[in-house]
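These notes are about the structure you will find just below.
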Amino acid sequence: MGRISSWDWEPGQKTVVESLSPLEGHGWQEEPYVSPDGETLAAIVQVGEGEFSIRTNDKVWEATFEKIWYPKFSPDGRLTALCQQDMEWALAIDGEMVGEATDYVWDTMFSKDGSKVVTMYKAMEEYGMAVDGEPWENLYGNANQPAFSSDGAHAAAVVQVVQLAQADIEGFKKGVYTVAIDGTPWEGKYLNVWTPIFDEKGEHVAAQVRTGVHDYTIAVNDKPWAEKFQFVWEPVFKPGTDSAAAPVRVAGKWGVALDGKLIWQPRYAQCLELQYSENGAKLWAVVATGYGEFTAACDNAAWNTTYSTVTDLVVSPDGSRAGILTSESNSNFKIVVDGNEWAGTYDMAWPIVFSADSKNVATMVEKGGRYQVLVNGKAFDRSFDRVWPPVFNEDGTKVLIRAIENNSCVRIVAEVAKF
């Protein structure tokens, strides 16, 4: 599939699949998935009694399996799925089993360019990760919360390295969890570890750690910050550096620390979803200025309007803009960009996407069972039975709409200026 610049960006509509009805001889067909470039639709199909395969447009994989789940397109357009054959599971890519079959695999993840694929992996009651189907040499009694470096060179997970007898509280207090990178564990042991992440070069790993019953901090490459806090949330690396920032709680209030030192003094009721701009110059977060009063903040300056619920903070590439979703009791969703609400409320809304130049914003919404694509707050001229997240071309002048309309899969390239 290649880079976005190589996709077909000729304005207009193309029918990718004329009819989504099951092909002849198929018992049933599950929900569809569409490739990033909109050129391929995939769905799990029953091709016989106890036999399953995957339909891609109007063709079907030659291989059949006992079970298939979690079909997922990689960034480079390959179609992956988790497949069972002879009671064992393995990763399949474009219909071919990859690597070793085992007791179970799950949580497919990709490198940024899609060339590497990682899954969680279970064999003989031990757990780890497998890259392109090849498992770690070291497996553990417990492994979870996987992470994959953007270049695909390294994989990490939280692992349990000390086995405890039932109700062994004192043993637990000595630390039983750590981070394993490519199967090799950190030497440090912690009461708990959460959300390991890689820096952009894949050279450093940061994670939330609990070092004592009431002590929380961030560890980078197995070195905990000297400062301890009442609680911490998921860290982020500052682009271009090996420094990590994280929301931290001090004396009942939340702020932000960088390498353990406070850079946003604790003054919020909550602070989470830290995100840096691509150049590291701007730092954004979701914050609560009071109980149930959530909004977005940039460099410790919160937007004026607050909401009872805020999710899905997205920061523009240049860091100057951001968008959030708000809702009431998981309904009446609104899109807020740069602190301003777009018109309309929806039964469901999805995270916004920015164009590469940060000038344009798009999203998908659902209301009354119909789906729409919005660009800069304005809807495309018709609704659909279903859509997938919109994609901008490289210069942000066009947007790709991938949709199902009248039982057909369509691919539409629309000009942003015409919204």
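The values are calculated or read from the model by the stated rules, or taken from the named source; none is laboratory data. Treat the numbers as computed from the prediction; the structure is a model and nothing was measured. Here the Cβ is made from the backbone with ideal geometry for all residues, glycine too, and neighbour counts use every protein chain on show.
Each row is one residue, and each column tells you yes or no for (1) over 20 Å from S53 (Cα atoms); (2) crowded, with 18+ Cβ neighbours inside 10 Å.
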residue: W69; (1), (2): no, no
residue: K72; (1), (2): no, no
residue: T80; (1), (2): no, yes
residue: D86; (1), (2): no, no
residue: A123; (1), (2): yes, no
residue: N138; (1), (2): yes, no
residue: N144; (1), (2): yes, no
residue: S150; (1), (2): yes, no
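From the list D215, D242, the lone residue that is under 30 Å from V118 (Cα atoms) and not β-branched (V, I, T) is D242.
Residue pairs whose Cβ atoms lie under 9 Å apart, sitting 6 or more positions apart in sequence or on different chains, and linking a residue in the range 231-254 that is farther than 17 Å from T195 by Cβ to a partner that is in a loop (DSSP other than H, G, I, E, B) and polar (S, T, N, Q), are P239/S277; P239/N279; G240/N279; D242/N221; V250/Q230; A251/Q230; G252/Q230. When T326, T311, T305 are checked against the criterion of being touching a residue at least 12 places away in the same chain (Cβ under 8 Å), touching a Ser or Thr at 6+ places or on another chain (Cβ under 9 Å), over 25 Å from S35 (Cβ atoms) and not in a strand (DSSP E or B), T305 stands alone in meeting it. For the range 23-62, what are the residues that are among the hydrophobic types (A, V, I, L, M, F, W, C) and buried (at least 16 other Cβ atoms within 10 Å of the Cβ)? V34, L41, A42, A43, I44, V45, V47, F52, I54, V60, W61, listed by residue number.
For beta carbons closer than 9 Å, sequence separation of 6+ or different chains, a first residue in the range 73-95 that is at positive phi and touching a residue at least 24 places away in the same chain (Cβ under 8 Å) and a second that is of a type in the set (G, A, S) and part of a strand (DSSP E or B), the qualifying pairs are G95/S53; G95/A81.
Filtering the range 397-411 to residues that are buried (at least 17 other Cβ atoms within 10 Å of the Cβ) and within 20 Å of A356 (Cβ to Cβ) leaves K398, V399, L400, I401, R402.
Listed by position, the strands (runs of 3 or more DSSP E) contained in the range 165-249 that have at least 1 residues being among the basic types (K, R) and at pLDDT below 95 form an empty set. Counting only residues that are in contact with a strand residue (DSSP E or B) (Cβ under 6 Å, 6 or more places away or on another chain) and surrounded by fewer than 16 Cβ atoms within 10 Å (Cβ to Cβ), which one in the range 94-104 is farthest from S6 (Cα to Cα)? Filtering first and then ranking leaves D103.
In the set V314, V375, only one residue is within 30 Å of I4 (Cα to Cα), in contact with a Gly (Cβ under 8 Å, 6 or more places away or on another chain) and of a type in the set (A, V, I, L, M, F, W, C); that residue is V314. The single condition from (1) under 27 Å from S6 (Cα atoms); (2) outside any loop (DSSP other than H, G, I, E, B); (3) in contact with a strand residue (DSSP E or B) (Cβ under 8 Å, 6 or more places away or on another chain) that I335 fails is (1). Of K334, K378, all but one fail to be on the phi < 0 side of the Ramachandran plot, assigned by TED's automatic domain parsing to the domain that holds D312 and among the basic types (K, R); the exception is K334. Based on this model, can you work out whether L374 counts as part of a strand (DSSP E or B), touching a residue at least 12 places away in the same chain (Cβ under 8 Å), surrounded by 18 or more Cβ atoms within 10 Å (Cβ to Cβ) and within 21 Å of the chain's Cα centre (by Cα)? No; evaluated as a whole, the condition is false for this residue.
Considering only residues in the range 378-415 that are among the β-branched types (V, I, T) and out of contact with any Gly (no Cβ under 7 Å at 6 or more places or on another chain), the one that is farthest from E39 (Cα to Cα) turns out to be T397.
Consider the range 345-371 and keep the residues that are without any contact (Cβ under 8 Å) to a residue 24 or more places away in the chain and in a loop (DSSP other than H, G, I, E, B). The one that is nearest to F294 (Cα to Cα) is T345.
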